[in-house]
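The values are calculated or read from the model by the stated rules, or taken from the named source; none is laboratory data. No experiment lies behind these values; they were computed from the predicted model shown. Cβ: placed from backbone, ideal geometry, glycine included. Neighbour counts: every protein chain shown.
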Amino acid sequence: MTDVPALPPVNAPSAVGGIATDTSRLSNRANLEAAGKKFEAVFTGMMVKAMRSTHLAEDGLFASKGMNTFKEMQDTQVAQNMAAHAPLGIGKAMTEFLAKSQAGVEAGLAKSTTPAPAAADEGKTP
């Protein structure tokens, strides 16, 4: 049996609870829009899956695991096409929210790093 070499330590997220605080990806508008589109596809997929799970019309003759697999694949493709061509708007709303919150964070950081102006009347006696 051979010894397995030790792997170098991985940088752990710096925030409590395992959530990374690195928001550098949010500064690029294209990244925000891509995330919004992907979120829209995931949300639409969940919606289609929930609609499919109602079983309003049972396919008694054609019900099988294979058919369920192909229906899931079709639902995934339909959700991606819906998100790309006829979006619900939730992805765009999320993109705008993240853009505004990022602008607010950057403004807050700028305020905290700017030194406070010194009072002009300090040291003067009347």
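Taking the stated definitions as given, is residue 11 polar (S, T, N, Q), at pLDDT below 85, under 28 Å from residue 99 (Cβ atoms) and surrounded by 14 or more Cβ atoms within 10 Å (Cβ to Cβ)? Give the steps one after another, and end with the answer.
Numbers: polar (S, T, N, Q): yes; at pLDDT below 85: yes; under 28 Å from residue 99 (Cβ atoms): yes; surrounded by 14 or more Cβ atoms within 10 Å (Cβ to Cβ): no.
Judged against the criteria, residue 11 is not a match.
Taking residue 45, is it modelled with pLDDT of 85 or more, among the small types (Gly, Ala, Ser) and either within 25 Å of residue 87 (Cα to Cα) or not in a loop (DSSP other than H, G, I, E, B) (or both)? Spell out the reasoning first.
Values: modelled with pLDDT of 85 or more: yes; among the small types (Gly, Ala, Ser): yes; either within 25 Å of residue 87 (Cα to Cα) or not in a loop (DSSP other than H, G, I, E, B) (or both): yes.
Against the criterion (modelled with pLDDT of 85 or more, among the small types (Gly, Ala, Ser) and either within 25 Å of residue 87 (Cα to Cα) or not in a loop (DSSP other than H, G, I, E, B) (or both)), residue 45 qualifies.
In the list 77, 102, which residue meets the criterion of being within 25 Å of residue 41 (Cα to Cα), at pLDDT 80 or above and out of contact with any strand residue (DSSP E or B) (no Cβ under 6 Å at 6 or more places or on another chain)?
On the way: 102 fails: at pLDDT 80 or above.
Of 77, 102, the one residue that is within 25 Å of residue 41 (Cα to Cα), at pLDDT 80 or above and out of contact with any strand residue (DSSP E or B) (no Cβ under 6 Å at 6 or more places or on another chain) is 77.
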Next on the checklist: Could you tell me how many of the residues in segment 49-74 are farther than 29 Å from residue 38 by Cβ, surrounded by fewer than 10 Cβ atoms within 10 Å (Cβ to Cβ) and either of a type in the set (D, E, K, R) or at pLDDT 85 or above (or both)?
Outcome noted: 1
